[in-house]
Structures are given as C-alpha cells and as structure tokens.
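**Q** Right, I'll just put the structure down here and ask away after.
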Amino acid sequence: MTKILVVDIEKCSGCRICEVACSWFHEEEFNPAKARLSIVSWKKAAISYPMICEQCEKAPCKEVCPTDAIYKDEESGAWKVDEVKCIGCKFCIQVCPLGAISFFEEKRGAIKCDLCDGDPQCVKFCPMDAIEFVEEDKVGLKKKRISAEKLFATMQEIPK
Amino acid sequence: MQSAKLAMKNEKVTKMVKLTINNKKMEVEEGTTLLEAAQKLGIEIPTLCHHSALKPYGACRVCLVEVIKGSKVGLVASCTYPAEEGLVAKTDTKRVKRARRLSIELLLARCPTSEKVRELALKLGVKKTRFKEEKEECILCGLCVRVCEEMIGKSAISFINRGADREVTTPFKIESSECIGCGACAYLCPTEVIKIEDVIKYRKLDFWNTKLELKKCKVCGRYFIPTVELKYLKEKIKSFEEIELPEEVLEVCPKCRRRILSDKMKEFIGG
C-alpha cells in the first residue's frame with residue numbers, strides 16, 4: 001500500500017521548518033526558496049498551510065511532459081522527474097494546478113516532491129505533527145472521523 | 001491466435017544481440033546504440049550533442065569509439081552506431097583518445113569562450129588549441145533544433161547554409177512566428193549562448209531575434225507566460241484523455257495557484 005502526505009491545517013504553526021528540512025535533504029542548503037513544498041500564510045486569519053504535491057492519480061504534469069521524463073516510482077508511489085530526460089520546457093510547471101513544481105537556475109531539470117524515497121523529511125521534522133505520512137486507505141477513515149466530529153458539534157448547537 | 005501474434009510481437013521487441021565492449025561481454029536489445037550499451041556497463045564516454053530524450057545525431061564527434069569487425073578497425077560515433085551481433089568495440093585505446101582530442105580541439109578553436117567545451121577539453125587532456133581561434137559561441141550540436149522539432153513540435157529554428165557558413169537561426173533571420181518561448185532550447189544548449197530574458201511585458205530571445213508578449217497573472221498581475229505558450233498549452237490540456245483541467249488554471253501564475261488553493265482550505269476550516 002502506498003502512503004501519501006496528509007496535512008492537518010489546524011496544527012500548522014507556519015514555522016517553515018519543513019521547508020528548511022526539505023531543502024537540506026535535497027539540495028544540502030538551508031534555503032526555503034529551494035524547498036519542494038511551500039508554506040502559504042494568511043496572517044490576518046493566523047493560518048498557515050503547507051502546499052505539497054498531492055501525487056495525483058492522474059497527473060497533468062506527467063501527461064503534458066513531451067519526453068515522459070515524469071514517471072511513477074513504484075516503491076514510494078511518487079511522481080519523479082528523470083533529470084536525464086528533462087528538456088527544461090517547464091510545461092509541467094505551467095499545468096500543475098497546485099503550483100507544486102519548481103525550477104532552479106542551476107541545470108537540474110524540474111524539481112518536485114519525491115516523498116524522499118519513502119521517508120519524508122517534512123514529516124520527520126514538523127514540530128507540530130501537522131504533516132502526516134499515512135497509508136492511502138486510512139486517509140478516508142481519518143476524514144470521516146473529522147466530519148463526524150464536526151457534525152456532532154453542530155448537533156450540539158441545535159436547541160432542544 | 002491472438003496470443004500467438006502477441007508472442008511474436010514480444011519476440012520482435014526483445015530480440016537481443018551479444019557484443020563485447022572493452023573485453024566485457026554483454027547482451028542488449030536490438031536497436032540500442034553503442035553509447036547506451038557502454039553506459040549500461042558503466043563506461044564513461046564524453047558527449048556534447050547527445051540527449052537521451054532525443055534521437056541520436058552524431059554532430060560533435062567526441063563520443064568516438066573503435067569498432068573491430070574481422071580485420072577491419074574503424075572509428076565510429078558511438079551515439080549513432082547501433083549494437084550488432086558479435087560486435088567488438090573499444091572505448092579507451094590510444095587511437096580513440098587521439099581522435100577525441102582532435103574533435104574537442106577543433107571545437108575549442110571554434111568556441112574558445114565556452115565553459116563546457118573548455119572543461120571537456122581539459123578532461124580529455126587538451127590545454128590549448130593549435131588552430132586559429134574564432135569567436136563563435138555555437139558548436140552546431142543541433143540540440144536546440146532537435147528539441148524544438150521532436151519534442152515541442154514547433155520547428156521554430158533550423159540550420160541554414162552549409163559547411164563553414166552553417167548556423168542555427170529562425171527562418172529569414174527574422175522574428176519567429178512559431179516560437180512559443182518555452183525555453184527548452186536554452187536549457188539544453190551546452191554553450192549557454194541562447195539566453196532568455198523577461199523584460200516587463202516581453203520575453204526576449206535575442207539569439208532567435210524574437211520578442212514574445214507575456215500574459216498577466218489574473219490574480220497578482222505579474223507577467224508570467226507568453227501568450228502563444230498559453231494557447232499551445234490550452235490546446236494540449238484539451239487533448240488529455242482522462243484528466244479534466246479547467247483552462248482558467250493556466251491563466252493564474254503558479255505562485256497564486258498555491259495561494260488560491262490554500263485559501264479554499266482556510267475557508268474549509270472556517271478561518
């Protein structure tokens with residue numbers, strides 16, 4: 001069973017440690033600008049949310065790639081970029097609805113989340129446990145529980 | 001019947017040939033080039049005009065290897081030479097090294113300022129060129145021409161003239177009507193002579209005498225994609241078989257896409 005990254009928005013504090021851990025693991029540099037995920041903060045609402053590649057089942061980036069450089073890694077279930085095949089056309093960046101693919105000046109092709117080969121650093125270093133790495137079938141179960149809790153809270157509000 | 005046909009088809013695909021490279025015996029699929037076969041063995045062969053996503057071309061001649069067929073010994077470009085049954089090849093003989101050195105020396109004379117050419121020359125043991133130095137910056141590897149034609153499907157640029165006058169440019173050396181400004185040519189160029197610059201409203205590709213208008217992001221107003229590339233990608237996403245991607249997504253810059261989506265998440269939890 002492949003695992004995916006799940007974000008709990010209520011837990012994220014916007015500390016950006018995940019970005020730093022990500023850039024260190026992949027680029028050996030403490031540079032949030034080179035991270036493969038990015039925190040979007042809504043300061044007035046005091047809310048932050050890490051935008052991560054969702055590893056779409058049917059991925060537009062894979063579909064648009066003219067050289068088939070984006071392939072599914074069977075072990076981790078992540079879409080990966082084959083640096084050797086990438087021609088730098090940036091079509092994948094333009095079609096990703098999440099804006100989750102980036103590109104650096106140094107020649108290394110398109111850059112995207114590869115789930116760190118099954119050991120995501122963002123999950124490891126998140127001090128709030130806001131990002132979790134869970135098996136695909138358990139995500140539904142967790143979401144069911146959350147919506148049930150919400151429903152329960154609304155039911156409480158109804159005057160008897 | 002059908003299974004028999006399938007089996008035949010499979011047989012065709014996986015026909016293997018045996019060959020020897022540097023006294024190492026190996027088996028590869030028919031149609032594999034000598035370069036790919038050598039790479040599988042971990043043998044390093046220098047290249048300048050090769051890209052694994054593109055068809056082999058054989059322009060730079062630095063990937064030369066020796067092929068021995070009976071009593072005949074010849075030099076061939078390994079990137080274009082297909083593996084054959086019983087072939088014997090050598091990649092590190094004196095003759096190969098000398099031939100490679102000459103190729104890179106000639107390229108170095110043509111483009112003395114190119115970093116990649118100089119680096120490779122040093123690696124192959126050429127410190128200075130004996131030939132008259134020119135001020136060219138393009139080594140005519142054809143990567144840009146090939147990627148535009150084969151992968152982007154546009155053919156905005158091509159070779160013109162022959163021999164010493166050969167160069168790469170747009171038709172009639174004027175602004176290209178086909179170029180979409182994706183930048184694949186600039187990314188692949190080994191000498192980095194193709195430069196792309198976004199100046200406020202325009203994407204400038206000076207090497208191709210081309211200037212493309214950029215489109216504004218609907219949300220932040222930053223110019224981010226050439227209008228022609230937007231049109232090209234819109235048509236491309238229409239042809240996706242199983243994915244339905246709304247066209248509006250393309251009109252928002254990737255940075256704003258993140259913001260819009262996270263805004264939706266925020267509303268979801270009632271922030």
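The values are calculated or read from the model by the stated rules, or taken from the named source; none is laboratory data. Just so we're clear, the structure is a prediction, and the values are computed from it rather than from any experiment. Glycine gets a Cβ as well: all are built from the backbone with ideal geometry, and neighbour counts include every protein chain shown. For accessibility, only protein heavy atoms count, side chains too; no ligands or nucleic acids. Shrake-Rupley method; radii C 1.70, N 1.55, O 1.52, S 1.80 Å.
**Q** Kindly list the number of the only condition in (1) open to solvent by 70 Å² or more (accessible area, probe 1.4 Å); (2) in a loop (DSSP other than H, G, I, E, B) that fails for B:Ile243.
**A** Status for B:Ile243: all satisfied but (1).
**Q** Quick one: which residue in B:Gly163, B:Gly181, B:Gly74, B:Gly86 is among the small types (Gly, Ala, Ser) and within 14 Å of chain A (Cβ to nearest Cβ)? Write out each step before concluding.
**A** Details: B:Gly163 fails: within 14 Å of chain A (Cβ to nearest Cβ); B:Gly74 fails: within 14 Å of chain A (Cβ to nearest Cβ); B:Gly86 fails: within 14 Å of chain A (Cβ to nearest Cβ).
Sole residue among the options that is among the small types (Gly, Ala, Ser) and within 14 Å of chain A (Cβ to nearest Cβ): B:Gly181.
**Q** Does any residue of the range B:92-100 turn out to be of a type in the set (Val, Ile, Thr), assigned to a strand (DSSP E or B) and open to solvent by 20 Å² or more (accessible area, probe 1.4 Å)? Break it down into steps so the answer makes sense when it comes.
**A** Taking the range B:92-100 first, the residues of a type in the set (Val, Ile, Thr) are B:93, B:96.
Checking the rest, the ones that are also assigned to a strand (DSSP E or B) come to none.
Looking for residues that are of a type in the set (Val, Ile, Thr), assigned to a strand (DSSP E or B) and open to solvent by 20 Å² or more (accessible area, probe 1.4 Å), one finds none in the range B:92-100, hence no.
**Q** Would the range B:153-172 turn up any residue that is crowded, with 21+ Cβ neighbours inside 10 Å, among the hydroxyl-bearing types (Ser, Thr, Tyr) and either under 26 Å from A:Ala69 (Cα atoms) or at pLDDT 95 or above (or both)?
**A** Checked the range B:153-172: no residue is crowded, with 21+ Cβ neighbours inside 10 Å, among the hydroxyl-bearing types (Ser, Thr, Tyr) and either under 26 Å from A:Ala69 (Cα atoms) or at pLDDT 95 or above (or both).
**Q** Can you find even one residue in the range A:134-155 that is in contact (Cβ under 8 Å) with a residue 12 or more places away in the chain and in a loop (DSSP other than H, G, I, E, B)?
**A** No, the conditions are met nowhere in the range A:134-155.
**Q** Looking at A:Ile47 and the list (1) of a type in the set (Val, Ile, Thr); (2) closer than 24 Å to A:Lys124 by Cβ; (3) open to solvent by less than 10 Å² (accessible area, probe 1.4 Å), which single condition is not satisfied?
**A** Every condition holds for A:Ile47 apart from (3).
**Q** Mind counting the residues in the range A:30-44 that are away from every other protein chain (no Cβ under 14 Å) and open to solvent by less than 70 Å² (accessible area, probe 1.4 Å)? Steps first, answer last, please.
**A** Going through the range A:30-44, the residues away from every other protein chain (no Cβ under 14 Å) turn out to be A:30-31, A:34.
With the extra rule that they be open to solvent by less than 70 Å² (accessible area, probe 1.4 Å), the set shrinks to A:31, A:34.
Going through the range A:30-44 one residue at a time, the tally reaches 2.
**Q** Go through the range B:135-184 and give me each residue that's over 17 Å from the mean Cα position of the chain (by Cα) and outside the structural domain of B:Lys236 (by TED's automatic domain parsing).
**A** Answer for the range B:135-184, where residues must be over 17 Å from the mean Cα position of the chain (by Cα) and outside the structural domain of B:Lys236 (by TED's automatic domain parsing): B:Lys135, B:Glu136, B:Glu137.
A quick yes/no check of all residues on (1) at pLDDT 90 or above; (2) under 26 Å from A:Lys44 (Cβ atoms):
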| residue | (1), (2) |
| --- | --- |
| B:Phe207 | yes, no |
| B:Lys211 | yes, no |
| B:Lys215 | yes, no |
| B:Arg222 | yes, yes |
| B:Ile243 | no, no |
| B:Ser262 | no, yes |
| B:Met265 | no, yes |
| B:Ile269 | no, yes |
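**Q** Further, regarding this structure: When the residues of the range A:69-116 are filtered to those that are part of a helix (DSSP H, G or I) and surrounded by fewer than 22 Cβ atoms within 10 Å (Cβ to Cβ), which remaining residue is nearest to the other protein chains (Cβ to nearest Cβ)? Spell out how you get there, then give the answer.
**A** The first filter runs over the range A:69-116 and keeps only residues part of a helix (DSSP H, G or I), leaving A:91-95, A:115-116.
Subset that is surrounded by fewer than 22 Cβ atoms within 10 Å (Cβ to Cβ): A:93, A:116.
Details: A:Ile93: 6, A:Cys116: 20 Å.
Selected residue: A:Ile93.
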